[in-house]
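**Student:** Let me begin by handing over the structure; questions about it come next.
The values are calculated or read from the model by the stated rules, or taken from the named source; none is laboratory data. Because the structure is predicted, anything quoted here is derived from the model rather than measured. Backbone-built Cβ (ideal geometry, glycine too); neighbour counts: all protein chains shown.
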Amino acid sequence: MIFELPRSSSVPCPACGMTTAAVAFVRGQFGAAFHANPLIFGLAALTVASGALVALRAGGVLANPRPLVVPPRWSPPMPAGASASGPT
């Protein structure tokens, strides 16, 4: 399936040229990488930051993040004589 965003609007595809940009970036051709897709620099920065966090956590320098605790949703009390299974 072809990505329809560039065809249906004037907005360019945000991922088009990303592979070309990544190859140029790895080869050190930063101008060509920017020309193919400027988002490659943000992706490279995110990759380096993520790798650094993983290495620091694996080495015990940083503590693991606390798990997300979602409080239970409040539900109104059931009226007297009502059953949770619904009407019978």
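**Student:** Are there any helices (runs of 4 or more DSSP H) wholly within the chain with 3 or more residues that are among the aliphatic types (A, V, I, L, M), at pLDDT 90 or above and surrounded by 10 or more Cβ atoms within 10 Å (Cβ to Cβ), and if so which?
**Tutor:** Numbers: elements: 5-8, 18-26, 30-36, 39-58.
By residue number, 18-26, 30-36, 39-58.
**Student:** Shifting gears a bit: Restricting to segment 28-43, name every residue that is closer than 16 Å to residue 16 by Cα and in contact with a helix residue (DSSP H, G or I) (Cβ under 9 Å, 6 or more places away or on another chain). Break it down stepwise before answering.
**Tutor:** Residues of segment 28-43 closer than 16 Å to residue 16 by Cα: 32-43.
Matches in segment 28-43: 32, 33, 34, 35, 36, 37, 38, 39, 40, 41, 43.
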